[in-house]
Every structure is written in C-alpha cells, then in structure tokens.
Amino acid sequence: MNNHCQSCGMPLNDQSLVGTEKEGQLSKDYCTYCYEAGEFKQPDLTMEEMIEVCVPHLKEDGMEEEQARQMLTSFLPSLKRWKKGETIEYVIVEKEAFQVLGLTARTCNADEMTSEGKIPSLWSAFYEQKVPEQTANLVKPTATYGLYSDYETGVNGEYSLTIGMEVSSNGAIPEGLSVKTIPAAKYMVFTSEKGPMVEVVIKAWQHIWAWFANSEVERTYTGDFEVYDERCANPEEAQVDIYIAVRG
C-alpha cells in the first residue's frame, strides 16, 4: 500500500482512512475521501481544483497558505492520479562507509506533511549555528548532506534526519552536534530537476517513492541521503542528488 493517497496526498497511516475497491477490499492507492467502491468520488476534478480543496485542510493543521500551495503544486503531479507517465533516471554506485557530523532531529513523513514537521526548522538551525564552520576534517567542504538514518519501519515509520558535512574522522564533537556512521552500501542515485530547491527535492522524493512502490528493487534503509553541492549555489536553480541504499 502507498503511504500517501495517490489523489490528494493525505498520509494513509490509519486503515480507517483507506478507500475501497469494487469488491469491498481496501484500495492500495487512495483514501476514503477520494475513492469508494472502485471509483473516484469526483471523477472530473482537476489537479488544480484538488489543490484548492486541500489548502484549507493544511491551513487548519497550522501550515501557511503559501507554503501549503507550494507544497501541493510540487507534490501532486507525482501522484498516480495526476502523473503523466514520465520516467525517472538513476545510476547505480557503491560507496564505502562514511560519517556525517551535524544537527539531528527525529521525525516521520506523516508529520512533515503538517505543521509538526521538523525539517524546515532543522535547516534554519543548520545555517544559524554555522555548522560547517564548526566542523573539522571535512571530506567535501562544498557539499552538505541531508542524511536519513535509524529508520523505525521503512517509509512509514520514524527516522533520524541529520543535516551536516561528511568528515574523515570523529574528532571532537561540538556541543549540540551528533555524528552518524553509515555502512558501505550499494546506492541508486536519482538526480532532481533544476529549480527552486525545496520544490525540486520534494518532487524528486515523490518520484522515488512512486518508483519503488512499483518496483521489485528492495531498499535496505541503512541510510539514504541528499547531496547539496555547487549546483545549489543558486537556490532558485538548484539540482540535488538523492542516494537510496538498495539490496545488492
């Protein structure tokens, strides 16, 4: 089952929210508000109209209207109902074990769809605290990592997000920072489109989730990460690589 409704994007973290197929079985893709008995409740609804339907609900959850509209505009085109059949390209690489030193928070994808999301504030703290300036033994001084590790139950569970820099050894860990060690792994590397940084990263992740939902390739959840390098110097024309650990 998908972790979000493939029509409106609502997290499907409760069975009571899941729609039904013609024979009464639970839908693998859609929520009960969008889909019932094998049919969309509003079959002629456009994606633009869906955005207008969803924005008030996100505002009720505490999200600013502009933020909600931006997120939905980036998010919905990757969902099954609205997707236009484009493919996403990737390359396969192998990477030795490495360490990332930075700020860490515990969160989950469902929370990040609400005002309870921690990722925006973690990025703000990373820049406010000037984490790169506190970090010694940098491997790639121009690359910042968004590292997802310590997964609870895969896509739908909690995970740790560390925003930081790759280091060659632990050394002294500055107060308030933490270090994560990621084992050697095989990765599928997906590259985002160019555009506003937040939008292209959200869109890339949605494509990745959809790709794995329809693939037999198995994720290992030993650690996945985004790489923000020289291509992100202009945040309005950013391009980001996303590494997904997969079983070899």
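Looking at the range 169-214, which of the residues that are polar (S, T, N, Q) and either outside the structural domain of Val131 (by TED's automatic domain parsing) or assigned to a loop (DSSP other than H, G, I, E, B) (or both) is nearest to Leu72 (Cα to Cα)?
Ser192
In the range 15-46, which residues are of a type in the set (A, V, I, L, M, F, W, C) and within 17 Å of Asn2 (Cβ to Cβ)?
Residues satisfying the conditions are Leu17, Val18, Leu26, Cys31, Cys34, Phe40.
In this structure, does Ala238 turn out to be without any contact (Cβ under 8 Å) to a residue 60 or more places away in the chain and of a type in the set (A, V, I, L, M, F, W, C)?
Taking the combined requirement at face value, the residue satisfies it.
Is it the case that Glu112 is surrounded by 14 or more Cβ atoms within 10 Å (Cβ to Cβ) and closer than 21 Å to Asp241 by Cα?
yes
Only one of these is under 30 Å from Leu12 (Cβ atoms), surrounded by 15 or more Cβ atoms within 10 Å (Cβ to Cβ) and either at pLDDT 95 or above or of a type outside the set (Asp, Glu) (or both): Val198, Val131. Name it.
Val198
Is there a residue in the range 166-184 that is farther than 24 Å from Val131 by Cβ and surrounded by fewer than 19 Cβ atoms within 10 Å (Cβ to Cβ)?
Scanning the range 166-184, I find at least one residue that is farther than 24 Å from Val131 by Cβ and surrounded by fewer than 19 Cβ atoms within 10 Å (Cβ to Cβ), so the answer is yes.
Name the residues in the range 22-50 that are within 30 Å of Glu158 (Cβ to Cβ) and either of a type in the set (A, V, I, L, M, F, W, C) or surrounded by 16 or more Cβ atoms within 10 Å (Cβ to Cβ) (or both), would you? Lay out the reasoning, then the answer.
First, the residues of the range 22-50 that are within 30 Å of Glu158 (Cβ to Cβ): 25-35, 50.
Result: Leu26, Ser27, Asp29, Tyr30, Cys31, Thr32, Tyr33, Cys34, Tyr35, Met50.
Kindly establish whether Thr107 is surrounded by 17 or more Cβ atoms within 10 Å (Cβ to Cβ), modelled with pLDDT of 90 or more and under 27 Å from Lys59 (Cα atoms).
yes
Evaluate the following for Ala210: is it within 14 Å of the chain's Cα centre (by Cα), surrounded by fewer than 20 Cβ atoms within 10 Å (Cβ to Cβ) and under 30 Å from Lys80 (Cβ atoms)? Steps first, answer last, please.
On the way: within 14 Å of the chain's Cα centre (by Cα): yes; surrounded by fewer than 20 Cβ atoms within 10 Å (Cβ to Cβ): yes; under 30 Å from Lys80 (Cβ atoms): yes.
Taking the combined requirement at face value, the residue satisfies it.
For Glu237, are the conditions met, namely being in contact with a Ser or Thr (Cβ under 7 Å, 6 or more places away or on another chain), among the acidic types (Asp, Glu) and closer than 25 Å to Leu72 by Cα?
So Glu237 fails the test.
Before we move on, is Val217 farther than 21 Å from Val100 by Cβ and in a loop (DSSP other than H, G, I, E, B)?
Here the answer is yes, as Val217 does meet what is asked.
From the list Ile88, Ile119, Ile92, which residue is out of contact with any Asp or Glu (no Cβ under 9 Å at 6 or more places or on another chain) and either at pLDDT 90 or above or of a type in the set (Asp, Glu) (or both)?
So the residue among Ile88, Ile119, Ile92 that is out of contact with any Asp or Glu (no Cβ under 9 Å at 6 or more places or on another chain) and either at pLDDT 90 or above or of a type in the set (Asp, Glu) (or both) is Ile92.
On the basis of being touching a residue at least 40 places away in the same chain (Cβ under 8 Å) and either farther than 30 Å from Lys80 by Cα or out of contact with any strand residue (DSSP E or B) (no Cβ under 6 Å at 6 or more places or on another chain) (or both), does Ile173 make the cut? Please lay out each step first, then the result.
Working: touching a residue at least 40 places away in the same chain (Cβ under 8 Å): yes; either farther than 30 Å from Lys80 by Cα or out of contact with any strand residue (DSSP E or B) (no Cβ under 6 Å at 6 or more places or on another chain) (or both): yes.
Yes, satisfied.
Test of understanding: among Ala213, Ala233, which residue is of a type in the set (Gly, Ala, Ser) and in contact (Cβ under 8 Å) with a residue 40 or more places away in the chain?
Ala213
Search the range 154-163 for residues being in contact with a Lys or Arg (Cβ under 8 Å, 6 or more places away or on another chain) and of a type outside the set (A, V, I, L, M, F, W, C), and hand back the single one that is surrounded by the fewest Cβ atoms within 10 Å (Cβ to Cβ).
Only one residue fits best here, namely Gly154.
The values are calculated or read from the model by the stated rules, or taken from the named source; none is laboratory data. No experiment lies behind these values; they were computed from the predicted model shown. All Cβ positions, glycine included, derive from the backbone under ideal geometry; neighbour counts span all protein chains shown.
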